[in-house]
Structure formats: structure tokens, C-alpha cells
Amino acid sequence: MFTRAALAIEQRDLPLASQTYARILADDAMPQVYRDAALLRQTSVDFDKLKPEEVISRLAPLAKPDHAFYGSAAELTAAAMIKQGKRDQPGHLFAAIAANQNVPETLRARSVQIAGTLGVDASGAMDPQAR
């Protein structure tokens with residue numbers, strides 16, 4: 001089903017991709033990690049159509065520092081906060097993403113840059129001494 005959703009995205013059929021992810025989410029027999037991945041992907045696909053509050057609410061269980069999908073879920077959460085007109089809270093969330101050693105380095109680097117545009121200095125998070 002993930003492949004089917006990915007193909008729908010490639011074909012620019014976002015409603016089909018979202019529906020496919022929804023089917024994964026609704027399947028209680030599916031391992032939780034797959035359902036979490038589907039939730040993240042579906043929210044990403046639907047991001048522009050969702051209210052920021054809905055994005056934040058959907059991703060709250062995944063946007064915790066110890067969750068496997070923390071980096072991506074927190075990034076989408078921070079983007080939703082920006083859509084709400086907030087700057088301080090998402091800036092600090094981007095700084096937290098940058099400081100999390102379990103998040104991929106590319107996302108950490110991007111988070112440093114975005115935090116900076118929001119007035120939060122997260123440049124020390126990428127310090128090689130901190131690793």
C-alpha cells in the first residue's frame with residue numbers, strides 16, 4: 001500500500017495517496033510503526049488543505065523527542081505553527097530538532113537555518129564538539 005501511495009504521489013493524485021495512507025492507518029492489524037509512518041505521510045500530503053491545529057493535533061504523538069519519526073513530525077508541527085503566525089514556539093522547536101542527535105543531519109542543518117530566520121540561534125547544535 002505504501003508503494004501504491006508513492007505512485008499516486010508521483011502521478012500527482014494526492015487524494016488517492018491520502019486515501020491509501022488512511023487505509024493503512026485504519027488497519028489495526030498493521031504494526032504501529034507502519035501506521036505511524038502512514039500518519040506522517042498522509043499529513044504531509046494533506047498539509048496545505050489542513051488547518052494548522054489539525055496538523056499539530058495529528059502529529060502530537062509522533063512529535064516527541066524519543067519517537068522514531070520525531071524529526072519529520074516536529075518539522076511539520078513547527079511549519080503548522082508558522083502558518084498560525086507564531087515565530088517563537090516554532091523557532092524553539094526547530095532548535096530542539098537541530099539538537100537531537102537521532103535526527104538525520106540534513107534535517108538538523110535545515111532546522112538550524114529555519115530557527116535562525118525565526119530569531120532563535122541554534123547554530124551550536126551542529127557543533128562537531130557536541131557529537
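Listed values, structure above:
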quantity: Point-to-point label distance, His67-Asp121, nm (Cα→Cβ direction, 7 Å offset); calculated: 3.1 nm
quantity: Helix runs (DSSP H) in the chain reaching 15 Å along axis by Cα, Kyte-Doolittle at least 0.0; calculated: 14-26, 70-83, 88-99
quantity: Modelled label reach - Asp48, point 7 Å along Cα→Cβ, the stretch 5-22 residues with backbone N closer than 17 Å; calculated: 8-19
quantity: Cα-based reach from Lys51 at 18 Å (exclusive), listing lysines while leaving out same-chain residues under 8 positions away; calculated: Lys83, Lys86
quantity: Matching label, P(r) over Cα pairs in 10 Å bins from 0, in percent computed from the structure shown, candidates (i) 11, 28, 17, 15, 18, 10, 2; (ii) 13, 38, 33, 14, 1; (iii) 10, 17, 13, 11, 11, 12, 10, 7, 5, 3, 2, 1, 0; calculated: (ii)
quantity: Sites Gln11 and Gln89 - FRET efficiency at Förster radius 30 Å, r taken between beta-carbons, to 0.05; calculated: 0.25
quantity: Order by protection proxy (mean Cβ within 10 Å, highest first), peptides 30-41, 93-104; calculated: 93-104, 30-41
quantity: CD proxy at 222 nm, helix term only [per DSSP H run n ≥ 4: -39500 (n - 2.57); per residue of the chain; nearest 500]; calculated: -20000 deg cm²/dmol
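Bear in mind that the values in this text are calculations on the coordinates, not laboratory data. This one's a predicted model, so the numbers in the text were calculated from it and none came from an experiment. For neighbour counting, all protein chains shown are included, and Cβ atoms are generated from backbone atoms with ideal geometry for every residue, glycine included.
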